[in-house]
Structure formats: C-alpha cells, structure tokens
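Some notes on the structure that comes next.
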Amino acid sequence: MSMIGTFVRLTPTELDRAVRDPGWAQDHVDELIEAELDDGPEGAGVRCHDIDKAWHALDFLLRRVAFPVDIVHGEEEIPEAEDWGYGPPRYLTPERVRVAADALSRIPHQTLIEGVTPTDLARADIYPHSIWERGESLDYVTSHYQALVPFFQAAARDGHGMLVWID
C-alpha cells in the first residue's frame, strides 16, 4: 500500500468545526474529494490536493532549507481524531497557511533540490526508498512541489486553513 500526502483547504468556519468534530471533518473531506473527482473545480478553486509519494522527500528538502511551517505533517493536532491512514489528520491555521504560501513563493524548485542527489535521499531512508536507490531523478519531487505552491497561494488568498494527513 502506498503512502500518499493529502491536503484539503477549509474555510475558517469549516476548520473550526473540523477541530471540534473530527467525525464531521472526515465526512466533509470525503464529500469534497468526491465532488472534485466528479468534475470539480480546476485551478485556484481546487480544495483537495495530493503530493502522492513525494511527501517524505518534500519534508526532507523543506527541513534542509529551514522552512518555517510543517506543511507535510501539519502543525496542530485534532483532538480525538481517528486514524485516516497513517495517523490522524493534523491542520494548519489560516495564518500558518499564509506564512507557508509566502515562504513557498520565495523558494524556487531548483533551490529546494540544490546539492541533493537521489543517493542522499536513499541514505536518509526517504520514502519511497526504491526509486532513490535506483537513482531516479528528483523531477518527481519538484513537479509535486511546483503544483503545491499555487495550491497554498490560493488557500492563503482565500483565507483558508488546511487539513493534512498521510494515507
């Protein structure tokens, strides 16, 4: 089974309810994901985004550049939330989404991977291990990073918070 990093944008009202009612959060997120799969919005209107298996490499690379927000794992726990895959979801407040969006806009993808090779990721035991051991390009990670930047910028522009989890 693959481990996929997932993000869902929530309005402040939705985020507040999600934190107070994790069962509602899971149902609401399922509805949002289904709606987008069934001809949902595109571009800036997208509220759900995944970074596939690049989550661990992005976390590693962002930590190397002292990124100010833990966007991969979220920063706040949702009390009493159940496991959504590989642990319960966590969240980012709208303010932390703004900080992340600003920081993401200032880090070009080339800077993110500067001086890093697939061998470095393999040595650091970064998931998915097999692709780094084969020496595959970091383009897989940078393409997900480049898609994540406008997702965070749109969330920040709209004043959204974010749920984050690995499933």
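Here are the numbers:
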{"read-out": "Flag for L32 being within 14 Å of the chain's Cα centre (by Cα) and part of a helix (DSSP H, G or I)", "value": "no"}
{"read-out": "Matching residues, segment 98-137, being among the small types (G, A, S), open to solvent by less than 50 Å² (accessible area, probe 1.4 Å) and under 12 Å from V149 (Cβ atoms)", "value": "A100, A101, A103"}
{"read-out": "Enumerated helices (runs of 4 or more DSSP H) restricted to segment 41-125, each holding at least 2 residues that are of a type outside the set (A, V, I, L, M) and in contact with a strand residue (DSSP E or B) (Cβ under 9 Å, 6 or more places away or on another chain)", "value": "55-64, 94-105"}
{"read-out": "Index of the failed condition, G161 passing every other in (1) without any contact (Cβ under 8 Å) to a residue 40 or more places away in the chain; (2) open to solvent by less than 60 Å² (accessible area, probe 1.4 Å); (3) under 14 Å from the mean Cα position of the chain (by Cα)", "value": "(1)"}
{"read-out": "Matching residues in segment 126-167 - criterion: being over 17 Å from A54 (Cβ atoms), in a helix (DSSP H, G or I) and of a type outside the set (K, R)", "value": "Q153, A154, A155, A156"}
{"read-out": "Breaking point among (1) touching a residue at least 60 places away in the same chain (Cβ under 8 Å); (2) more than 11 Å from the chain's Cα centre (by Cα), for G74", "value": "(2)"}
{"read-out": "Subset tally (residues that are touching a helix residue (DSSP H, G or I) at 6+ places or on another chain (Cβ under 6 Å) and of a type in the set (A, V, I, L, M)) for segment 72-112", "value": "8"}
{"read-out": "Of residues in segment 38-69 being closer than 25 Å to G23 by Cβ and free of Cβ contacts under 8 Å to residues at least 12 places away in the same chain, the one surrounded by the most Cβ atoms within 10 Å (Cβ to Cβ)", "value": "G40"}
{"read-out": "P128 touching a residue at least 60 places away in the same chain (Cβ under 8 Å), touching a strand residue (DSSP E or B) at 6+ places or on another chain (Cβ under 8 Å) and within 21 Å of F7 (Cα to Cα)", "value": "no"}
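The values are calculated or read from the model by the stated rules, or taken from the named source; none is laboratory data. Everything numeric here is computed off the predicted structure, so don't read it as measured data. Virtual Cβ from ideal backbone geometry, glycine too; neighbours counted across all protein chains shown. These accessible areas exclude ligands, DNA and RNA; they are computed on the full protein's heavy atoms, side chains included. Shrake-Rupley method; radii C 1.70, N 1.55, O 1.52, S 1.80 Å.
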